[in-house]
Every structure is written in structure tokens, then in C-alpha cells.
Amino acid sequence: MEKQKLDFLNAKSDEIRKILIEMIGRLGVGHVGGSLSVVDLLTVLYYDLAKVDPKNPKDPDRDRIVMSKGHAGPALYAALASKGYFPMDEIKTLNQSGTNLPSHCDMNKTVGVDMTAGSLGQGISAAVGMALAGKMDKKDYHVYAIIGDGESQEGQVWEAIMLAGNKKLDNLTIFLDNNRMQIDDYVDNINSVEPFDKKCEAFNMQAIRVNGHDKEALENAIIKAKNTKDKCTCIVMDTIKGYGVPWAENKGVGSHSFSISEKEWREFCNKETD
Amino acid sequence: MQDTKELREIYCDSLLEMAETNKNIVVVEADLTNCIKTGRFKAAHPDRFINVGIAEANMIGVCAGLATCGKVPFCSSFAPFATRRCYDQIFISVAYSKQNVKIVGTDPGITAELNGGTHMPFEDMGIMRNIPNMVCIEPTDAAMLKSLMPKIVDYNGPVYLRIMRKKCEQIYAEGADFDMFKAFTLRQGNDVTIFASGIMVSRALAAAEKLKSEGIDAEVVNIYTWKPIDVETIVKSVSRTRACVVAENHNVHNGLFGAVSEVLAEYCPVPAEAVAVRDQFGEVGKIPYLEERFGLRANDIYDAAKKVLTRKN
């Protein structure tokens with residue numbers, strides 16, 4: 001990846017992290033950790049590889065981005081706001097009465113959200129349906145689904161992966177946000193989902209493991225996935241929960257959902273006053 | 001008299017007919033293609049037919065994804081697996097997400113016969129009725145299913161369709177036309193109203209005949225769409241008869257008796273009796289045994305009518 005492009009993407013992921021922290025910070029509490037761990041992927045998708053247009057969010061030919069780990073809604077909203085899908089001011093309404101930005105992704109409320117999610121394991125099935133529709137209509141859009149490692153304890157994830165593998169859905173790429181933590185503990189201490197890549201291969205998929213915060217590696221993996229015919233790809237992203245915000249990262253398992261003080265978010269966002 | 005065609009035959013005929021002009025119709029199965037007999041659809045439109053295997057939760061999610069892309073998916077399974085097995089998927093991915101998915105549950109109540117208690121749904125309409133905006137329909141016979149299918153396709157929103165796979169008692173003449181959101185008054189009467197659905201309709205008509213021989217004039221109203229329920233027809237009927245019986249091949253809790261009682265309590269309180277399964281699980285058996293076991297015979301409707309008449313003011 002050219003330095004100029006990488007600098008641009010890094011600037012964009014910094015911006016998205018700031019929007020995200022301001023959004024949750026103004027509310028005071030939220031799903032910080034698992035939102036931060038997918039910001040680099042969202043940056044690569046929305047600012048580099050995904051065929052999307054904020055001015056035409058319902059374009060039938062657009063690429064679909066499904067946030068199956070629906071509690072990372074704030075990360076998706078931050079990316080969408082930064083892209084101009086809705087006015088930046090709306091980020092102040094997260095979880096306020098009557099908001100278009102609820103905790104978990106809602107396709108009927110937020111412009112640019114392709115699927116409602118929040119009950120874990122469901123978004124990935126819908127993404128499989130979108131990919132099947134694309135095949136039926138001979139359209140060349142691509143579907144990107146983002147699932148969590150904790151989420152993958154849901155049996156439905158494996159029903160969806162089995163079908164995606166067997167139907168050879170090369171127009172679907174599944175990203176595992178492998179941040180290794182869930183609400184109660186480390187995933188490995190509860191019910192490990194590893195070796196995730198080997199499991200996907202056993203389900204007739206291609207699997208690629210990358211550092212989920214390395215944008216060049218992400219880009220290369222996505223390009224490889226899109227260039228692979230007759231195989232659905234899962235990109236296992238090794239990530240860090242809370243990445244990019246030291247005091248979130250330091251919380252470890254506690255970073256899933258926690259309170260942010262006004263001082264903390266204003267310092268991080270370099271926003272002393274409104 | 002029995003219908004000449006099985007409901008599953010009508011179902012597939014209708015899909016095939018509509019699929020000629022509506023390119024968005026898609027059929028999604030979970031390994032029961034041979035039971036619902038949509039194989040003819042698969043043969044005619046292999047590119048619009050998906051079998052996800054034995055994975056009902058994924059079937060519903062896949063349908064929701066297809067619907068976001070403008071498809072009109074029809075998916076099916078035995079009623080318990082098309083509903084309670086994947087309730088949260090229907091709730092969130094279909095209904096809460098406002099997706100235009102049609103869900104077909106087969107073998108309602110005691111018609112599950114030899115598949116027994118694990119497959120015998122007395123709760124499917126209840127749990128589906130509990131989902132906001134879910135339209136819940138139990139077509140009565142072949143003529144009705146044929147009339148309703150194009151309307152279900154044209155209706156933009158989730159629908160749950162509870163159908164027998166096999167031949168029904170014929171109630172309506174071929175070519176009869178039905179409104180998706182209206183109840184149908186089959187027989188007019190002034191002394192008591194019998195509200196009935198599905199296999200209970202023919203039993204209600206038989207009970208009405210027996211009541212007539214005793215000089216009791218029963219009205220029989222076929223409520224096939226349980227939700228949204230036709231408040232107007234219910235209120236009009238009981239305002240005149242001042243007593244009713246509700247007959248359903250379903251648990252008394254949250255079923256048709258529940259739905260009708262909600263209307264009565266709010267708009268026109270009159271005595272009501274239920275002919276329904278009394279909070280029990282199903283079991284294996286043939287219809288004659290099961291209808292006696294669960295109290296779903298014409299005679300049970302007759303008895304309930306006599307009883308409700310004693311409560312009438």
C-alpha cells in the first residue's frame with residue numbers, strides 16, 4: 001500500500017475513533033471495546049474497497065456491509081457519519097429518546113445500515129441471503145459481514161457458514177473480529193471458537209488470518225477474497241478490544257461496555273468545549 | 001366432501017403461476033421439499049429455489065437477507081419448526097426488521113397425527129400472533145388458499161400461513177374470492193355465534209345443524225385471519241346473538257379464543273366458551289382418537305353452544 005494511501009486511511013480511522021468516543025462519551029456509557037476493534041476494518045471498507053455511495057444509500061447495486069455483532073453499532077455509525085450518510089450532529093443523539101442511532105444496528109432507523117442486528121448470530125444469515133440474491137440477479141455487488149468471536153458461540157453462525165461454504169458464495173466475505181474477549185471473560189476461558197480459520201476451511205471456505213489493525217494486510221486479504229472464485233472467504237482478524245484508546249484497551253475484558261467521563265472523551269477527542 | 005386437491009398442491013400451483021410474472025418470488029426450504037411438495041417449483045425455477053438443509057434459524061435469516069434485496073421469499077417447515085424453533089430469528093430478522101418474508105407452517109394441531117407430540121403445534125398461531133405486525137392466517141380449504149395466495153404475495157409485509165398439507169373438507173366453491181383481512185359468515189343465525197378456523201369449520205357447521213334440529217339458530221363465522229382480526233364482523237355478529245363459541249385446533253391460550261375474547265372484552269362483552277386444546281401437549285394418533293382426546297369434535301362444539309346459551313342474559 002502506498003504511503004499516501006496508508007496515511008489517509010490512518011487519518012480516517014483516527015477520525016472515526018474520535019467520533020465514536022465522542023458519541024459514547026456524550027451519552028456516558030456504551031459498547032466501547034468491541035466497537036474500537038472493528039474501526040480499522042470499517043475504515044478500509046468505507047474509505048477504500050467497498051462500493052458504497054452516501055448519496056445513494058439504497059442503491060440496489062451497492063456493496064452490503066452487515067454488522068452482525070450488532071452491539072458495534074456505534075463504530076458503524078461513526079464510520080457512516082464520517083462518510084456523510086447523515087449529519088455529524090446526529091452522533092449526539094446516540095440512545096437518546098427518539099434517536100436514529102440505537103445501541104444495536106437498525107436498518108429502518110439509520111441511513112446506511114444494511115441489516116438490523118443485535119440478537120447475535122442473525123446478521124450473518126441475512127448476509128448469506130443477500131449474497132444468494134446477488135447470485136440470482138447476476139449482480140456484481142459484494143457482501144461483507146462482520147461477526148464477533150463471542151458471537152460465534154451461537155449455532156446459527158455455523159449454519160450460515162456451512163451454507164455459505166457449500167453454496168460457494170464468492171460474493172460474500174465474512175470478517176471475524178477476533179478480539180478474544182466476551183462479556184464474562186476471555187473467549188478461550190468460556191468456550192473457545194479457535195481454531196476459527198481451520199473450522200472455516202473444514203466448512204469448505206477459504207480462510208485468511210490477518211492482524212485486524214494492519215490496514216495493508218486487511219486490504220490484501222479482501223482483494224484476495226474478492227479475486228477467489230467459487231469460494232466464500234472468512235478473514236480472521238486478530239484484534240485488540242478497545243484498540244486505539246489506551247484507557248479502553250487497558251480495561252481488558254471490562255472494555256465491553258463501560259462508562260466514559262466527560263474529561264476522558266474530551267481529552268481523547270481534543271475537544272475542550274463544544 | 002373432501003377437496004379434490006391437496007393444499008400443498010394448491011400452494012405450489014399458485015407459486016408457479018405467480019412466479020411467471022413476479023420474478024422476485026423465491027422458495028426456500030429446510031429439507032422438507034418433498035413434504036410440502038415444492039419440487040415442481042425447483043424444477044421450473046432452479047435459480048429461485050434454495051434448500052438450506054435442516055437449519056430453520058438460518059432459513060429465516062437467509063429469507064430476511066433475500067427480502068432486503070427485493071425478493072419475496074416463501075419458506076416452510078412443519079409448523080413447530082417454522083415458528084417456535086426459530087422464534088427469535090422471525091422476531092428480529094423478519095418482523096422487527098420489517099422484511100417481506102412469508103412463512104408457511106404445515107400440519108396444524110392434531111393434523112400432525114402420527115408425527116406426534118414433538119411435531120404437533122398447538123402454540124404456533126399464539127406465538128406468531130404475539131409478534132407486532134405479523135399477519136397470521138389459517139386458510140380453510142383449497143378454494144380459499146387459491147384465492148389468498150396472490151393477495152399474500154401482493155401484501156408487503158411478513159405473513160404466517162398455517163396450512164394442512166393434505167386434502168381438507170371442502171367448505172367453499174372453487175373460484176370463491178376472499179378478503180385477506182375479513183372473516184367470512186358461512187351461516188346466519190340469531191341465537192349463538194360459532195367462530196371457527198381450519199378443521200374446526202366443518203365441525204362447526206355440523207354442530208350448527210344439530211342445534212338447528214333443536215330449534216337453536218346458530219351463526220357460523222369462519223375467522224381464517226387471526227391477526228389482524230376482523231373486529232367489525234365479530235362485534236356485528238355477537239351484538240345480535242349475545243353469546244359465542246370459539247372453536248380452534250390450537251391451545252386455548254393466546255389462540256383464536258384469546259383473540260376473539262380480546263375483541264369481546266373491549267367492544268362487546270358477551271359469554272364465550274372455548275372448544276380448544278386445554279393447555280396440553282400433543283401425542284401420536286389418528287384424527288378420530290386425537291379429536292376426542294383433545295375435545296375438538298363437532299359434539300364438543302354443540303355442548304359448548306348449549307352451555308353458553310345457559311349463560312346468556
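Derivation of every value follows stated rules applied to the coordinates shown; laboratory data play no part. Everything numeric in this text was worked out from a predicted model, so none of it was measured. Neighbour counts run over all protein chains shown; Cβ positions are idealised from the backbone, glycine included.
Computed quantities for the displayed model
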| item | result |
| --- | --- |
| Global geometry of region B:7-163, whether rounded, prolate or oblate, following the gyration tensor of its Cα atoms and the 1.5 cut on a/c | rounded |
| Residues B:Ser239, A:Ser68, sorted so that the one with the fewest Cβ neighbours within 10 Å comes first | B:Ser239, A:Ser68 |
| Cut-off 14 Å (backbone N to label point 7 Å along Cα→Cβ of B:Asn133), residues of region B:99-122 | B:99-102 |
| Cβ-derived FRET efficiency at R0 22 Å, B:Asn313 paired with B:Glu262, nearest 0.05 | 0.55 |
| Taking region B:184-311 and dividing mean pair separation by its residue count, relative contact order in percent (alpha carbons under 8 Å, at least six apart) | 28 percent |
| Whole-angstrom gap from region B:242-265 to region B:269-303, using each part's C-alpha centre | 13 Å |
| Contact order normalised by residue count of chain A, Cα under 8 Å, 6+ apart, percent | 24 percent |
| Chain A - Kirkwood radius from inverse mean 1/r over Cα pairs (Å) | 18.4 Å |
| Lysines whose Cα lies under 19 Å from that of A:Lys271, excluding same-chain neighbours fewer than 8 positions away | A:Lys12, A:Lys18, A:Lys92, A:Lys263 |
| Range in chain A, longest, excluding exposed GluC sites (Glu not before Pro) [loop by DSSP; at most 15 other beta-carbon atoms within 10 Å] | A:3-271 |
| Approximate spin-label separation A:Thr228-B:Arg40, in nm, with each point projected 7 Å along Cα-to-Cβ | 4.2 nm |
| Shape of region B:194-281, Cα gyration tensor, a/c cut at 1.5 | oblate |
| Two-site FRET efficiency, B:Asp154 against A:Lys92, from Cβ-Cβ distance with R₀ of 35 Å, rounded to 0.05 | 0.25 |
| Proxy reagent accessibility, fewest Cβ within 10 Å first, across A:His142, B:His253 | B:His253, A:His142 |
| Rounded FRET efficiency, nearest 0.05, which uses the C-beta distance separating B:Glu209 from B:Thr185 and R0 of 25 Å | 0.95 |
| Amide N of region B:108-125 lying under 12 Å from the label point, which is placed 7 angstrom from the Cα of B:Tyr289 along Cα→Cβ | B:113-117 |
| Qualifying lysines (Cα of each under 18 Å from Cα of A:Lys231; at least 8 residues distant if same chain) | A:Lys135, A:Lys138, A:Lys139, A:Lys167, A:Lys168, A:Lys198, A:Lys199 |
| Helix-only mean residue ellipticity at 222 nm for chain B, each DSSP H run of n ≥ 4 adding -39500 (n - 2.57), per residue, nearest 500 | -11000 deg cm²/dmol |
| Chain B - share of DSSP beta bridges that are antiparallel (%, nearest 5) | 15 percent |
| Contact order relative to length of region A:1-111, as percent, for alpha carbon pairs under 8 angstrom and 6 or more apart | 29 percent |
| Within chain B: Cβ-based charge dipole about Cα centre, in debye rounded to nearest 20 (Lys, Arg +1; Asp, Glu -1) | 160 debye |
| For the protein assembly as shown, the spread of Cα positions along each principal axis, largest first, Å | 92, 52, 45 |
| 10 Å Cβ neighbours from other chains, averaged over peptide A:128-140 | 6 |
| Separation in nanometres of the label points that stand 7 Å from Cα toward Cβ, at A:Asn211 and B:Arg240 | 8.0 nm |
| Whole-Å semi-axes of the ellipsoid equivalent to chain B (Cα gyration tensor, √5λ, descending) | 33, 19, 18 |
| Extended-chain gain in nm, criterion 0.36 nm per residue less alpha-carbon gap, A:Ser259 and A:Lys58 | 68.9 nm |
| Spin-label pair B:Asn22/B:Asp217, simplified geometry with 7 Å Cα→Cβ offset, distance in nm | 4.2 nm |
| Dipole magnitude of chain A, debye to nearest 20 (Cβ charges: Lys/Arg +1, Asp/Glu -1, about Cα centre) | 640 debye |
| Unit charges on C-beta of K, R, D, E only; dipole of region B:238-292, Debye | 220 debye |
| Partners for B:Lys5 among lysines (Cα-Cα distance below 17 Å; same-chain residues under 8 apart left out) | B:Lys37, B:Lys146, B:Lys166, B:Lys167 |
| Residue-averaged 222 nm ellipticity for chain A, from DSSP H runs of 4+ at -39500 (n - 2.57), nearest 500 | -11500 deg cm²/dmol |
| Trypsin sites (Lys or Arg not before Pro) restricted to DSSP loop in region B:20-62 with at most 14 other C-beta within 10 Å | B:Lys23 |
| Counting DSSP beta bridges with both ends in the protein assembly as shown, the antiparallel % (nearest 5) | 15 percent |
| Beta bridges by DSSP in region A:3-268, antiparallel share as percent, to the nearest 5 | 10 percent |
